[in-house]
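This report concerns only the one structure given below.
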Amino acid sequence: MALSADGNHWTRVLTLEDSAKDECSYPAAIQTRDGLVHIGYTWKPTRIKHVVLDPARLGRGASTPAAR
């Protein structure tokens, strides 16, 4: 996950999957009215993960996101 203030310069703030064996693909993300970012993606091609992020916490030592 990366953040940008201008759309040209990006800063990595979070890694969703960090292991070489944790294959993930087909990500989709939306931001809901409450400001949270929901990300869904396939994981180890047999599962789907749903992660919810609070953008206010990103870049301030955010840890691995909570999966649902």
> How many residues does region 33-68 contain that are modelled with pLDDT of 90 or more, under 13 Å from the mean Cα position of the chain (by Cα) and of a type in the set (Val, Ile, Thr)?
Replying inline: 5
> Does residue 30 count as surrounded by 10 or more Cβ atoms within 10 Å (Cβ to Cβ), part of a strand (DSSP E or B) and either without any contact (Cβ under 8 Å) to a residue 60 or more places away in the chain or on the phi > 0 side of the Ramachandran plot (or both)?
Replying inline: no
> Counting only residues that are in a strand (DSSP E or B) and either among the hydroxyl-bearing types (Ser, Thr, Tyr) or loosely packed, with under 12 Cβ neighbours inside 10 Å (or both), how many does region 33-49 have?
Replying inline: 4
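The values are calculated or read from the model by the stated rules, or taken from the named source; none is laboratory data. This structure is a prediction, so every number in the text was calculated from the model and none was measured. Cβ coordinates were reconstructed from backbone atoms using ideal geometry, including for glycine residues, and neighbour counts include every protein chain displayed.
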